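Novice: Here's a structure for you.
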Amino acid sequence: MSRAGLAPAGEAREPRPASVQPMIAVRRLAKSYATKRGGVVALEDIDFAVAEGEFLAILGPSGCGKSTLLKILAGLLPATGGEASLRGTPIAGPRRDIGVVFQSPVLFPWRSVLHNVLLPADVQRLGRAEHERIAFELLSLVGLAGFEHRYPWELSGGMQQRVAIVRALVHDPAMLLMDEPFGALDAMTREQMNLELQRIWLERRKTVVFITHSIPEAVFLADRVLVMTPRPGRIAEIVAVDLPRPRSLDVMSTPDFGAAVKRIRAHFNARGGLVA
Amino acid sequence: MSGARNAMLRLCLIALSLALWEAAVRLLAVPVYVLPPPSGIFTALYRGIVSTVYVQNLWVTLYETILGFIAGASLAFLLGTVVALSRRTEYFLYPYIIMFQSLPKVALAPLIVVWFGLGLTSKVVNAALIAFFPLMVNTIVGLRSAEEDRVNLMRSLDAREWQIFWMLRLPGALPFIMAGLEVAMIFALIGAIVAEFVGSQAGLGMLVQTLNFNGDVAGAFSILLMLSVLGLLLNQIIVVVRRRVLFWDASEKTAANDASKGAAL
């Protein structure tokens, strides 16, 4: 097994110089739900930090609480224990410096592409002219120049999801939360979107927390992969991926990539074949 | 198939059925007071229009209908919005609303004429009352139909409740509201006519009563013809508005119309 490709998080070098304070710090986070038949523990003992500009993938099978974790980070759900903080301040509710991309594009059909992208600016009453300029710029960055005045139903699924990503970026958030954003796309489009996302990320250097249940997708995109196991949702391991960037799709056939995938997959095989 | 050809086919069908009607009445020697031939109806229509009696009464009914529609629709939208946004209001108000809705409102018309007199007011009130329900129910259903993902998106942007209402719930409810308005417009016309039947000094409903009473069945038919054309035109206004407002809605014919069916009558 290659040493260059991966290393346990503890001994791994940070992929790039980390700032003194992490962007996100999660300490002993827990979430449980009350149901008719007693409490259900969705998350337990979650501890991790994300450095500024880092790309972190959270990986796990369905029901491991990864979406719950993302909702807590987005301020949409309160935690029942522990704490999550962004730049040192606890996340107590929705914040204006976070952009969220959901599994479906969630575009409003009555708004044109441009006006969908401008939704955060409208809600947060940011300068219209300036953000319109940013919207045009970002849309052309994702290859949607000329589609500004089209409507969502005129676009393919992949294009719609690109609009959703641009919308999450338009108000220049400190952090991007992505909840299985390419899960509904076909395999070919999905690979293209992975390349595209990497390109956007390399250009913008946002901190990204990316949720997925695809091991290759997580390894391809992330600086580190946080592997979760279900019932209750816990962190099994945080695997650093030291593959050079920009990564091409060919990286998937390298031994380093294969080793990382194998290492992550072992966590699920050990638990009765929960292979994503 | 071309649109022009379809339109021609449509006209031919109408002409054919009128010719059959005319022929049947003449061949079977049906008395005029049972079923007048189309030619008699059109003659009555022509005479009524030329004497300006029809036109004057048409304006009265149209005025009552439009006022009733505006009053009923505004009230329905406001109340529907309040009920949709506040569970508390729903809890206290909804039982009464449902009870009132299950009441045959046509039966209320005599009472309304007693309360509001033989003039314009009783017609507008009755039209408003009948137009009210389909729109209110559709407003409630529409405002509540906002998808959870969309609400979550708005929340994640730190949107206020009123922003979620204006930017998400209301536009999302428009297919339902437009379907409700379509029904409400026709219902307002029915409401105005019913109140005219019960007691009035002018209007097409009053005219139908009078002509029937005088045994002028052809005249009564000619008014009914005017009423159905009026209903069609009023409906077309709403349809044109709906197409403009809902240019984005591919599924309006399925989801929203089903809801309006549930609300009708």
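Please treat every number below as a calculation from the coordinates, not as lab data. If you're wondering where the values come from, they're calculated on a predicted model, not measured in any experiment. For neighbour counting, all protein chains shown are included, and Cβ atoms are generated from backbone atoms with ideal geometry for every residue, glycine included.
Novice: What aspartates and glutamates does residue B:123 reach when the alpha-carbon gap must be under 18 Å and sequence neighbours fewer than 8 apart in one chain are set aside?
Specialist: B:64, B:196
Novice: Sticking with this structure for a sec: Helix B:120-143 against the longest principal axis of chain B: what's the angle in degrees, Cα atoms only, rounded to the nearest 10?
Specialist: Orientation of helix B:120-143: about 40 degrees from the principal axis.
Novice: Here's something else I'd like to know. From the helices alone, meaning DSSP H stretches of at least four residues, give me the mean residue ellipticity at 222 nm for the protein assembly as shown, per-run term -39500 (n - 2.57), in deg cm²/dmol to the nearest 500.
Specialist: One gets -17500 deg cm²/dmol as the mean residue ellipticity at 222 nm.
Novice: A follow-up question, please. Anything over 22 Å Cα to Cα? Flag those among A:206/A:262; A:31/A:262; A:71/A:206; A:31/A:66, in the order listed.
Specialist: Too far apart for the 22 Å limit: A:206/A:262; A:31/A:262.
Novice: Here is a follow-up. Going by the alpha-carbon gyration tensor, a ≥ b ≥ c the square roots of its eigenvalues, is the range A:226-265 rounded (a/c under 1.5) or, if a/c is not under 1.5, prolate (a/b greater than b/c) versus oblate?
Specialist: In terms of gyration-tensor shape, prolate.
Novice: Sort B:20-26, B:125-131, A:71-77 for me by packing, meaning the mean count of neighbouring Cβ atoms within 10 Å per residue, highest on top.
Specialist: Going from most to least packed, we get B:125-131, A:71-77, B:20-26.
Novice: How far is helix B:217-245 tilted, in degrees, relative to the longest principal axis of the Cα atoms in chain B, given as a value from 0 to 90 rounded to the nearest 10?
Specialist: 30 degrees
Novice: Give me the percent relative contact order of chain A, please, defined on Cα pairs under 8 angstrom at least 6 residues apart.
Specialist: 28 percent
Novice: Would you mind telling me which residue in B:35, B:227, B:120 has the biggest mean-square fluctuation in a Gaussian network model of chain B, where springs connect alpha carbons within a distance under 10 angstrom?
Specialist: B:35
Novice: When only Cα pairs under 8 Å and 6 or more residues apart are kept, what is the percent relative contact order across the range A:207-276?
Specialist: 30 percent
Novice: Report the residue, chosen from A:154, A:180, A:217, that carries the largest GNM mean-square fluctuation when chain A is represented by alpha-carbon nodes joined by springs under 10 Å.
Specialist: Evaluated over chain A, the most mobile residue of the options is A:154.
Novice: May I pose another question? Could you tell me whether the range A:60-110 comes out rounded, prolate or oblate from its Cα gyration tensor? Rule is a ≥ b ≥ c as square roots of the eigenvalues, rounded for a/c under 1.5, then prolate if a/b exceeds b/c, otherwise oblate.
Specialist: Oblate, since a/c reaches 1.5 and b/c is not below a/b.
Novice: Per the Debye formula with a single identical scatterer at each Cα and no solvent contribution, what log10 I(q)/I(0) holds for the range B:4-115 at q = 0.11, 0.19 Å⁻¹?
Specialist: Results for the range B:4-115 at q = 0.11, 0.19 Å⁻¹ read -0.76, -1.08.
Novice: Still on this structure, I have one more. Provide, for q = 0.08, 0.09, 0.11 Å⁻¹, the log10 of I(q)/I(0) from a solvent-free Debye sum over equal Cα point scatterers in chain A.
Specialist: Results for chain A at q = 0.08, 0.09, 0.11 Å⁻¹ read -0.33, -0.42, -0.63.
Novice: In chain B, what is the volume of the convex hull around the alpha carbon atoms, normalised per residue and reported in Å³?
Specialist: Once divided by residue count, the hull of chain B is 161 Å³.
Novice: Within 10 Å of each residue's Cβ, count the other Cβ atoms and sort B:43, A:35, B:81, A:207 from fewest upward.
Specialist: The most exposed by this proxy come first: A:35, B:43, B:81, A:207.
Novice: So, one more: Can you sort B:59, A:110 so the residue with the fewest Cβ neighbours within 10 Å comes first?
Specialist: In order of increasing Cβ crowding within 10 Å: B:59, A:110.
Novice: Here's a follow-up. What translational diffusion coefficient, to the nearest whole µm²/s, does the range B:35-83 have by Stokes-Einstein, given a Kirkwood radius computed over alpha-carbon pairs, a temperature of 10 °C and 1.306 mPa s viscosity?
Specialist: 118 µm²/s
Novice: Hey, got a sec? Which chymotrypsin sites (Phe, Trp or Tyr not before Pro) in the range A:119-183 land in a DSSP loop and have at most 15 other Cβ atoms within 10 Å?
Specialist: none
Novice: With a ≥ b ≥ c taken as the square roots of the eigenvalues of the C-alpha gyration tensor of the range B:65-118, please select rounded if a/c is under 1.5 and otherwise prolate if a/b is larger than b/c or oblate if it is not?
Specialist: oblate
Novice: With contacts defined as alpha carbon pairs under 8 Å and 6 or more residues apart, what's the relative contact order of chain B in percent?
Specialist: Reported relative contact order: 26 percent.
Novice: Here's another thing I want to ask about it. Do any chymotrypsin sites (Phe, Trp or Tyr not before Pro) in the range B:183-253 lie in a loop, going by DSSP, with at most 15 other beta-carbon atoms within 10 Å of their beta carbon, and if so which?
Specialist: B:247
Novice: Follow-up. Take every DSSP beta bridge whose two residues both sit in the protein assembly as shown, then give the antiparallel share in percent to the nearest 5.
Specialist: 55 percent
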